[in-house]
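Structure, as structure tokens:
The values are calculated or read from the model by the stated rules, or taken from the named source; none is laboratory data. Computed from a prediction, not measured in an experiment: that's the story for all the values here. Glycine also receives a Cβ, built like all others from the backbone with ideal geometry; neighbour counts cover every protein chain displayed. Ligands, DNA and RNA are stripped out before the accessible areas are found, and what is left, the full protein with its side chains, is counted by its heavy atoms. Shrake-Rupley method; radii C 1.70, N 1.55, O 1.52, S 1.80 Å.
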Amino acid sequence: MKVLKFGGTSVGTVASLRNVKTIVEGLQEPAMVVVSALGGLTDKLITTAKNAAAGCADLDAELLAIRRRHIDIIDELVPEGDRDRVKDIVNPMLDELGGLFLGVSLINELPQRTLDRIVSFGERMSSVIVAAIIDGARHADSLEFIKTERWMDRNIAERSLTASLIKDNFSLPLENHVVTGGFISRDKESGVITNLGRGGSDYTAALIAAALDADSLEIWTDVDGFMTSDPRKVKEARVIPKMSFVESMELCSFGAKVIYPPTIYPVFHKNIPIRILNTHNPSAPGTLITDSGADLPQEVRGVSLMRDTAIVTVSGKLAANVAEINTRSYNAMTRAGMNVLLITKSECDGQFSLSLPAAEADKALEVLNSEFAPELGDGQVSGISKKSSLAIIAVVKEGIRKMEGLGARLYNTLLRKDMEVLGVSDGASDATVAVVVNDADADEALNLVHHTVIPPQ
Ligand code: ADP
Ligand code: ASP
Ligand code: MG
């Protein structure tokens, strides 16, 4: 049994939905199908909700446009005899959405749980519609089986409860195709609607694939496969025919938007292959992701760019004690639920730097000031500072550490173009070498690094 996930780019228009229908109806056996909201709808719901809270939205016009988009697709693609039934499900959802927008505009506030409820309508509506478009498919409500719990200040998937609910809900072999909404979930205790984070439909599909021991997970999107870099930014980017789970995980966690990073782990754990395929070009071979890293060609797999990052630097004598400063900083940050992206070497001795998302830089300063309070007192640490507006460029291939001197090579390449390199992380993991540059240089540096490590064919 396969799990297929179609992103917003695949379910955005009548033409692309026709391709989805052809792809699923052409399968040899019933499959689980996970869909995102219609392309761009989640952004639209968020913007409208924020504008409603700020008192500057034309709510009637916005809701009408959202309603039209859904109803037009129903009229165009759902078989005539089933249209009224589908509209009877979708229209009340649109009415409730309208009520929520109005409520937000009246109280001039947008509590997180209200926003989560508002965005959930994207996948709730699209999944009902896609189920009605595909011959012989049935709809399943993912709010019934994708559960989250609170961790630090966020919602994360409660994986074991979710796995057992999925197993309870679906017995194999499936009798029909099942279509369900990605991204959306409920808190396991309160039942409040939550979600798995932006781009989270991929993760829903992976949780289902892992729970049901699927034969493969297919991510259908709008590019011919996982590419050596984002094709929107790097003209020389090309499709990677095969890659390992670890490589895909590294590329995604450093910004390759083609798969939502938490997606890989559950399927990696069960050794379920992932394929990345193009809904708009279904005959393209795509990318196969498996655990067979060792058999792959020796070349660099890809280069990712992560923007909007910061570096926090601890200066002073203690920085010379790399093992201690490393462990203590890393542990303090992890305890605070923070995500360290890289530990970088800087040019100056006596400095130890961590890269992290810019939004977390102030919190990191607080955490590290508290961790190193004794050393700040006795002078072992002379100061802790941050620098924002940075970007990380990550070069990925399993076993990259064996490519000696790659960090230095990248450093010199960028320097020759007068770009400042604020850090090099050589072997932060066995699969990644990364450089940190100013955000203003990000696109140019990405192209330069890509050209250096993946020469055009
Ligand atoms: P979906 O709606 O299918 O989930 P996304 O927009 O989330 O689609 O992901 C697909 C997009 O990811 C592509 O259009 C591409 O611009 C972008 N992308 C970024 N990095 C890569 C990469 N390394 N390979 C392929 N696509 C990438
Ligand atoms: N619709 C959600 C988003 O746009 C989830 C997804 O598309 O994966 O973030
Ligand atoms: Mg996506």
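Yes/no matrix, rows are residues, columns are (1) of a type in the set (Lys, Arg); (2) surrounded by fewer than 22 Cβ atoms within 10 Å (Cβ to Cβ); (3) out of contact with any Phe, Trp or Tyr (no Cβ under 8 Å at 6 or more places or on another chain); (4) under 23 Å from residue 158 (Cα atoms):
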{"position": "209", "(1), (2), (3), (4)": "no, no, yes, yes"}
{"position": "226", "(1), (2), (3), (4)": "no, no, yes, no"}
{"position": "257", "(1), (2), (3), (4)": "yes, yes, yes, no"}
{"position": "261", "(1), (2), (3), (4)": "no, yes, yes, yes"}
{"position": "276", "(1), (2), (3), (4)": "no, no, no, no"}
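Quick check on this structure: which one of 83, 69 is part of a helix (DSSP H, G or I), within 16 Å of ligand 2 (Cβ to nearest atom) and either free of Cβ contacts under 8 Å to residues at least 60 places away in the same chain or within 16 Å of residue 178 (Cα to Cα) (or both)? Step through it out loud before you land on a result.
Details: 83 fails: within 16 Å of ligand 2 (Cβ to nearest atom).
Unique residue meeting the criteria: 69.
May I ask you to list the residues in the range 178-207 that are open to solvent by less than 10 Å² (accessible area, probe 1.4 Å) and without any contact (Cβ under 8 Å) to a residue 60 or more places away in the chain?
Residue satisfying the conditions is 185 alone.
If we keep just the residues of the range 364-379 that are in contact with a helix residue (DSSP H, G or I) (Cβ under 9 Å, 6 or more places away or on another chain) and in a helix (DSSP H, G or I), which is most open to solvent (accessible area, probe 1.4 Å)? Step through it out loud before you land on a result.
If we filter the range 364-379 for residues that are in contact with a helix residue (DSSP H, G or I) (Cβ under 9 Å, 6 or more places away or on another chain), which is where we start, we get 364, 367-372, 375-376, 379.
Now restrict to residues that are in a helix (DSSP H, G or I): 364, 367-371, 375-376.
Details: 364: 0, 367: 26, 368: 1, 369: 63, 370: 84, 371: 41, 375: 23, 376: 60 Å².
Per the criteria, the residue is 370.
Out of 140, 131, which single residue is within 24 Å of the chain's Cα centre (by Cα), on the phi < 0 side of the Ramachandran plot and of a type in the set (A, V, I, L, M, F, W, C)? So that I can check it myself, show each step before the final result.
On the way: 131 fails: within 24 Å of the chain's Cα centre (by Cα).
None of the others qualify; the one that does is 140.
Could you go through the range 193-210 and let me know if any residue there is out of contact with any helix residue (DSSP H, G or I) (no Cβ under 9 Å at 6 or more places or on another chain), more than 16 Å from ligand 1 (Cβ to nearest atom) and not hydroxyl-bearing (Ser, Thr, Tyr). If you could, list the steps in order and put the result at the bottom.
Step one: of the range 193-210, the residues out of contact with any helix residue (DSSP H, G or I) (no Cβ under 9 Å at 6 or more places or on another chain) are none.
Scanning the range 193-210, I find no residue that is out of contact with any helix residue (DSSP H, G or I) (no Cβ under 9 Å at 6 or more places or on another chain), more than 16 Å from ligand 1 (Cβ to nearest atom) and not hydroxyl-bearing (Ser, Thr, Tyr), so the answer is no.
Within the range 228-255, track down each residue that is buried (at least 23 other Cβ atoms within 10 Å of the Cβ) and of a type in the set (Asp, Glu).
247, 250 - these are the residues of the range 228-255 that are buried (at least 23 other Cβ atoms within 10 Å of the Cβ) and of a type in the set (Asp, Glu).
So which of 78, 90, 119 is closer than 30 Å to residue 170 by Cβ, surrounded by 16 or more Cβ atoms within 10 Å (Cβ to Cβ) and touching a strand residue (DSSP E or B) at 6+ places or on another chain (Cβ under 8 Å)? Talk me through it step by step, then tell me what you get.
Working: 78 fails: touching a strand residue (DSSP E or B) at 6+ places or on another chain (Cβ under 8 Å); 90 fails: touching a strand residue (DSSP E or B) at 6+ places or on another chain (Cβ under 8 Å).
Going through 78, 90, 119 in turn, the sole match is 119.
Count, please, the residues in the range 240-267 that happen to be of a type in the set (Lys, Arg) and either closer than 17 Å to residue 198 by Cα or within 16 Å of ligand 2 (Cβ to nearest atom) (or both). Steps first, answer last, please.
Here is the first cut: in the range 240-267, the ones of a type in the set (Lys, Arg) are 242, 257.
Right, trim to either closer than 17 Å to residue 198 by Cα or within 16 Å of ligand 2 (Cβ to nearest atom) (or both) and you get 257.
Number of matching residues: 1.
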